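Encoded as structure tokens, the structure appears first; notes follow it.
Since every read-out is calculated from the coordinates, none of them should be taken as a lab result. Computed from a predicted structure; not experimentally measured. Here the Cβ is made from the backbone with ideal geometry for all residues, glycine too, and neighbour counts use every protein chain on show.
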């Protein structure tokens with residue numbers, strides 16, 4: 001469903017991605033981890049064309065992202081994205097946050113959009129909050145609304161960019177629970193995260209990055225029991241020791 | 001001069017009212033056209049296309065470096081050359097102010113648009129919104145509220161600046177008061193009165209701007 005081949009990207013002279021290869025099949029949950037600055041988020045944002053890249057190919061559902069041109073917005077609409085800082089639209093209430101793109105991008109009617117929004121708000125456990133503004137919600141609630149907003153577009157794949165990094169510890173659980181449920185329902189997911197417990201339980205594969213390279217792309221159980229590279233072993237020992 | 005004679009104010013009211021209508025009309029016209037043109041200038045500067053941003057940047061910086069009185073005079077002298085016939089002081093003033101204010105409004109709008117966090121743009125793009133949709137539904141509505149007090153302050157300055165049309169002999173509020181003062185030989189009373197009038201109007205508008213800046217918008 002997603003094919004990344006020989007992907008490289010530079011900011012000026014600094015390489016942020018080097019020769020990355022990654023392929024994600026339908027229904028797979030892939031966790032991308034690694035130290036900060038390793039290029040995880042950049043890799044994720046190349047998938048839906050939020051970040052341009054200089055070399056290589058990103059193919060989503062048969063469409064080349066770099067050559068999509070005017071078709072890019074339609075392609076993005078089919079990839080749900082969840083951001084570290086939620087990025088709900090502060091001037092719109094929850095219902096309008098969920099309906100805007102359904103109406104303007106997918107051309108759904110107001111009624112159909114609201115029906116869809118209500119189903120998904122219920123799924124993330126926030127039915128009573130439809131009329132509230134983002135500022136009136138907790139971080140965990142905002143992130144769940146953001147997930148519902150992405151799901152409203154009936155995405156073929158969900159991209160999560162450190163979805164719990166900006167949350168208080170006690171709110172992380174409620175967001176991970178929603179993501180667990182999604183994975184259980186068979187959603188294709190690429191998740192950039194430091195939540196190794198979540199990775200261990202949910203991911204089919206773990207991708208480990210450092211210095212813009214993909215160092216490991218391993219079955220979850222194998223990654224945690226016997227990482228192939230010394231760098232990944234060090235990373236795991238550091239992150240699991242506290 | 002034997003004390004103040006305020007009867008002159010009452011007698012000249014209809015004439016001053018005409019002047020006020022011109023000043024207010026000029027302000028309103030320059031605000032609406034200036035905002036429309038200013039939005040285009042701001043978008044051109046933010047577009048990232050050199051052939052759009054460069055002319056807009058030159059225009060804005062040129063307008064903002066020249067005193068308004070000079071622009072008023074230039075347009076008054078140059079417009080007839082362009083159109084081939086006399087334009088008249090009033091119409092020339094309308095065109096001049098719209099063109100001049102657009103430069104200032106565009107800078108306010110540009111700052112407001114740049115103030116929207118990058119993440120908001122990414123979120124809109126990730127949902128599949130096209131660039132114009134992103135501007136219309138996400139960036140524009142969020143940028144406008146913090147800008148309102150600054151825009152209104154600019155409108156107040158604009159209303160005061162309309163008095164500069166004296167340079168080309170258009171009859172605004174100040175000019176009307178001056179003429180009345182001369183006709184009745186009571187210039188002091190008229191200048192005091194018209195000064196108060198400017199104060200009341202501008203102070204009233206600035207209170208409105210303050211009310212807005214304390215607005216209801218919880219970010």
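Within 10 Å of each Cβ of A:40-52, how many other protein chain Cβ atoms are there on average?
1
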Checklist entry - Given the rule -39500 (n - 2.57) for each run of at least 4 DSSP H residues, summed and divided by the residues of chain A, what is its mean residue ellipticity at 222 nm, to the nearest 500 deg cm²/dmol? => result -11000 deg cm²/dmol
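Counting DSSP beta bridges in chain A, what percent are antiparallel, to the nearest 5?
Details: 20 of 36 bridges.
Percent antiparallel among DSSP bridges in chain A is about 55.
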Next on the checklist: Give me the mean projected area, in nm² to one decimal, of the convex hull enclosing the Cα positions of the stretch A:1-75.
Outcome noted: 5.2
Checklist entry - According to the square roots a ≥ b ≥ c of the eigenvalues of the Cα gyration tensor, what is the shape class of chain A, taking rounded for a/c under 1.5, prolate for a/b larger than b/c otherwise, and oblate for the remainder? => result oblate
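Taking a ≥ b ≥ c as the square roots of the eigenvalues of the Cα gyration tensor of the stretch A:8-49, is the shape rounded (a/c under 1.5), prolate (a/b larger than b/c) or oblate?
Working: a/c = 2.40, a/b = 1.76, b/c = 1.37.
Prolate.
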Checklist entry - To the nearest 10 degrees, how steeply does helix A:94-104 sit against the main Cα axis of chain A, on a 0 to 90 scale? => result 80
Next on the checklist: I'd like the antiparallel share, as a percent to the nearest 5, of DSSP beta bridges with both residues in the protein assembly as shown.
Outcome noted: 55
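Give me the inter-chain shielding for B:196-208: mean count of other chain Cβ atoms within 10 Å, whole number please. Don't jump to the answer; show the numbers that get you there.
Numbers: counts 0, 0, 0, 0, 0, 0, 0, 0, 0, 0, 0, 0, 0.
If you average over the peptide's residues, the count of other-chain Cβ atoms is 0.
Going by C-beta contacts inside 10 Å, put B:49, A:64 in order with the fewest on the left.
Working: B:49 9, A:64 14.
Listed from fewest to most nearby Cβ atoms, that is B:49, A:64.
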Checklist outcome for this item: Ranked on Cβ counts within 10 Å of their own Cβ, fewest leading, A:194, A:91 go A:194, A:91
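Return the ratio Rg/(2.2 N^0.38 Å) for the protein assembly as shown, where Rg is computed over Cα atoms only. Before the final figure, lay out each step's value.
On the way: Rg = 30.2 Å, N = 461, 2.2 N^0.38 = 22.6 Å.
Ratio of Cα Rg to 2.2 N^0.38 Å: 1.33.
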Checklist entry - Quick one: what does P(r) look like for the stretch B:116-164 with 5 Å bins over all Cα pairs, in whole %? => result 5, 20, 20, 13, 11, 11, 8, 7, 4, 2
Item to check | Prolate/oblate/rounded call for chain B, Cα gyration tensor, a/c under 1.5 rounded | outcome: oblate
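Which of B:161, B:172 comes first, and how do the rest follow, when ranked by fewest Cβ neighbours within 10 Å? Let's see the in-between values first.
Values: B:161 19, B:172 25.
Fewest-to-most ranking of B:161, B:172: B:161, B:172.
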Checklist outcome for this item: When chain A is treated as a Gaussian network with springs between alpha carbons less than 10 Å apart, the largest mean-square fluctuation among A:22, A:79, A:159 is found at A:22
Checklist entry - Simple spin-label model, 7 Å along Cα-to-Cβ: residue A:168 to residue A:3 in nm? => result 4.7
Checklist outcome for this item: In degrees, nearest 10, the alpha-carbon axis of helix B:173-183 is tilted away from the dominant principal axis of the alpha carbons of chain B by 10
Item to check | Cα pair count fraction exceeding 15 Å, expressed as % - the stretch A:44-131 | outcome: 66
Checklist entry - Angle between the Cα long axis of helix A:110-123 and the longest principal axis of chain A, 0 to 90 degrees, nearest 10? => result 60
Checklist entry - Where does the stretch A:82-155 land on the Kirkwood hydrodynamic radius, alpha-carbon pairs, in angstrom? => result 11.8
Checklist entry - Averaged over A:75-87, how many beta carbons belonging to a partner chain fall within 10 Å of each residue's beta carbon? => result 4
